[in-house]
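Derivation of every value follows stated rules applied to the coordinates shown; laboratory data play no part. Because the structure is predicted, anything quoted here is derived from the model rather than measured. Methodologically, a virtual Cβ is constructed for each residue, glycine included, from the backbone with ideal geometry; neighbour enumeration extends over all protein chains shown.
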Amino acid sequence: MALLFVLVHVGLKGEAFGNVVLAQQDWPRHSTAVFRGTAAPGAPAMIEANEFKQTVSAEFTARLVSLGFEAFRGHKWVLSVTAPIRRVFALYNLKSLSLVPVWGFSFDFVPHLGAGDEVKWHRTARSAFLDLSYDPLDYTSNVHEWAVSRFDRLDEVRERAKYVSSRAVADAITFWDRVRTLENAADLFRDWRARPYVRFGFENYVQAPLAFAFVLARLGQADEARAWLERCFRNHVRSEAKRKLRGLLRVAINGGTG
């Protein structure tokens with residue numbers, strides 16, 4: 001699951017959160033800056049993976065549960081009181097050696113493409129999927145400022161997780177507070193498109209144009225919705241999935257839920 005969680009970075013369309021379409025070899029060089037090579041002779045052994053994940057997750061859980069979020073396996077937290085627009089916070093792996101935060105929204109009325117281009121829904125907190133997201137690594141040349149690394153000692157990991165969780169959750173709250181209506185969500189999609197980036201932009205995410213299309217459909221902006229769905233199909237979507245998504249978009253434009 002690690003290769004398919006949140007952003008995957010390998011161009012797959014699996015059970016994930018808004019997959020990226022660039023291949024791993026297309027990552028900018030700075031995306032591996034957090035990995036400082038092998039430990040020096042005599043250095044402490046790397047923290048065991050489960051202990052590392054539990055230590056980091058505990059710091060984020062403490063902050064997010066206090067805000068009403070539910071914690072789920074796989075470093076995912078979801079707030080559903082505003083459903084069908086859910087708030088999502090997650091951590092994803094960089095080469096299984098660091099954890100990095102990402103946050104955004106999951107829309108119950110938006111489908112996604114699963115394995116084999118199967119059209120699926122994410123209408124529960126457990127299945128929440130990042131339709132509209134913000135990944136801080138897309139906008140920095142310093143990966144380390146957002147990552148918690150297994151190369152650090154356990155006490156350093158704990159302190160680092162406290163710092164990153166404090167900063168990331170504060171930024172996420174500011175992001176979430178921008179969406180009170182569906183019109184706000186459409187504006188945030190447009191901001192995402194226009195935002196300068198150093199790694200991945202709006203159309204590098206398979207889910208972004210698909211989700212934008214269904215948000216526009218709900219707002220009655222049919223022509224733009226259809227145009228964005230067709231842009232989603234640039235990512236070599238199978239014919240059967242295209243047919244089904246076009247049908248679901250027609251239903252959404254006509255006021256249905258699919």
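Overview of results
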quantity	calculated
Segment 83-149: trypsin sites (Lys or Arg not before Pro) in DSSP loop, at most 13 other beta carbons within 10 Å	LYS95, ARG126
Pairwise label distance in nanometres, GLU51 with HIS236, each label 7 Å out on the Cα-Cβ vector	4.3
Computed magnitude of the charge dipole of segment 123-258 (debye, nearest 20; Cβ of K, R +1, Cβ of D, E -1)	640
Gained length - VAL251 relative to SER166, 0.36 nm times residue gap less alpha-carbon distance	26.5 nm
Segment 182-231: projected area of the alpha-carbon convex hull, averaged over directions, in nm²	3.2
Potential lengthening between LEU67 and ALA115 on full extension [0.36 nm per residue; Cα-Cα distance subtracted]	14.0 nm
Set of lysines near LYS162 by C-alpha distance (under 26 Å), chain-local residues within fewer than 8 positions excluded	LYS53, LYS76, LYS95
Simple Cβ-charge dipole of segment 33-157, Lys/Arg +1 and Asp/Glu -1, about Cα centre, in debye nearest 20	240
